[in-house]
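Inspection log for the structure reproduced underneath, given as structure tokens.
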Amino acid sequence: MKRYLLATLIIVACTFQINNALAVETDLNDELYEYLMANKTDGPSGSMYESFGTNFIFKRSSYDNNSNDFIYQYPNRITFPTRLILPVEKNDSCLSCHRLDYPAIADGKPIPTTKIMSENSSITTLTTDIADDILPMWGPKNKNIFWLSNRSSAGISKSYQLWKMDSTGNNKRQLTEENGDVVYYNVSKDENLVVYSTYNKAQSTYNIKILDLNTNTISEVISSDNIIDRPELSPDGNWIAYSEKVDNNWDIFVISTDGSTSKRLTDSENMDTNPMWSPNGAFIAYKTAPVSGDYNLTTENFIQFDKNNGTAEQIFSWEGVQSIQMSNWRPDGTGIAYTAEIVRYIDGSPFITYAAVYSDVVFRDNKAVAYPLMLSESTLGDRGAVFSPNNEKVAYWSWEPDGTSAIRVYDLKSGKNTKITSGGFAFYPYWSPDGNKIVFESYTENQRDIKMIKLDN
């Protein structure tokens, strides 16, 4: 006889330690609750997973999958307002799942301007163009900010290109002129190189290119008929890790920056994407998602990388909560920040949403063992957690009970959670190298801008 487990059941026999795990109940006004109900999506059923702990983080089922004696009925999903994500041309992967096309206040009122919460902090608007300004990244030297924009000198929307400005928002300069969108980019530690991926519409090819900021020259590292995504430059600047779709499946590759040596690091039935170098370049984390069988959730695996010959010495499989996507390495390499799917109660009803999570990671045998620390409070969900340069704090964005989104900072030493902004929609923070400022994406009245927070002590 099948045993059906409702999402409201709390599994107290925990396999992993859960810290900061208080039962969370979020109350909403009537307008926002109706807004969520109108945009929710159905949750799946499956026998591979169950939830545990008072925050309902998912783990592998302890039941025998082959006997089919267990079914977990997932609650409905909250559909998130989030930033614009550029799809790779013709990429059929799901970039719109559980996402609202545009953020909106539930009662239809105008979106308020994002404000700072502390009197000793300040907020500065760095871009005001009517075009979309997205994906800001601070240059490692603390002087420049890079971002993507579809602005043009004639005021006409065009493809997304790479831009640069100084930390005050002045001296804006377009760096690329590709025949197609620049989809993703990464800046070297010495700020001399920018690696980026783009799709050439005229030739129907996917490309990784390197921009030399000293000479303002661009060189092509690789061009392929296969879809290429998320190039990441190694800390020593010698290798580029990326994901490529080969024979209808995604795997992780590396290529030397001069394009002379290319290696395939994974070759599994899983969909392996989103490579991310550890601060010392010894490991490459990547998202892996099974593509066959029962309903599957994503996890992170780790490649121990031999930088001398560009090969994988060992792959460590994730031993932690399921349904996660990594967002950042801790600068000292001891831990990671990621987004985890959880079940949270909203006005008494369970919904699947997201939480910002921190984990120490220990590599032993062939496992990456991680114990989660929840960062979020009574929000509707959280995403985009990133570490401060001194390893002590984590910034992330939260969807607030009033329907807006805010930047929050969690202190790993004290456990204090501080809401930095209020009103409007603030997404995806990025720390300055000196740790005194945070740049983020802002959305107000159909306009996406880049803003900067100067923090107090």
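Can you find a residue in segment 435-449 that is over 18 Å from LYS115 (Cα atoms) and buried (at least 17 other Cβ atoms within 10 Å of the Cβ)?
no
Looking only at segment 347-359, count how many residues are assigned to a strand (DSSP E or B) and either out of contact with any Ser or Thr (no Cβ under 6 Å at 6 or more places or on another chain) or more than 28 Å from ASN328 (Cα to Cα) (or both).
Number satisfying all stated conditions: 8.
Can you tell which of ASN150, ASN68, ASN120 is within 23 Å of the chain's Cα centre (by Cα), of a type outside the set (Val, Ile, Thr) and either at positive phi or at pLDDT 80 or above (or both)?
Exactly one residue qualifies, and that residue is ASN150.
What's the number of the only condition in (1) surrounded by 21 or more Cβ atoms within 10 Å (Cβ to Cβ); (2) closer than 26 Å to VAL362 by Cβ; (3) aliphatic (A, V, I, L, M); (4) at pLDDT below 95 that ILE228 fails to meet?
(2)
Which residue is modelled with the lowest pLDDT, if the candidates are limited to segment 380-405 and must be crowded, with 20+ Cβ neighbours inside 10 Å and more than 18 Å from the chain's Cα centre (by Cα)?
GLY403
Pull out all pairs, ordered by first then second residue, where Cβ-Cβ is under 7 Å, the residues are six or more apart or on different chains, the first lies in segment 181-193 and is under 12 Å from GLU232 (Cβ atoms), and the second is among the hydroxyl-bearing types (Ser, Thr, Tyr) and not in a loop (DSSP other than H, G, I, E, B).
Filtered contacts from segment 181-193: TYR184/TYR196; TYR184/SER197; TYR185/TYR196.
Could you list, in sequence order, all residues of segment 189-206 that are surrounded by fewer than 21 Cβ atoms within 10 Å (Cβ to Cβ) and touching a strand residue (DSSP E or B) at 6+ places or on another chain (Cβ under 9 Å)?
Those that are surrounded by fewer than 21 Cβ atoms within 10 Å (Cβ to Cβ) and touching a strand residue (DSSP E or B) at 6+ places or on another chain (Cβ under 9 Å): LYS189, GLU191, ASN192, LEU193, ASN200, GLN203, THR205.
Of SER349, SER327, SER317, SER323, which residue is hydroxyl-bearing (Ser, Thr, Tyr) and over 30 Å from ASN39 (Cα atoms)?
SER317
The values are calculated or read from the model by the stated rules, or taken from the named source; none is laboratory data. What you see is a predicted model, and the numbers here were worked out from it, not measured in a lab. Ideal geometry is used to build each Cβ from the backbone, glycine not excepted, and the neighbour counts take in all protein chains shown.
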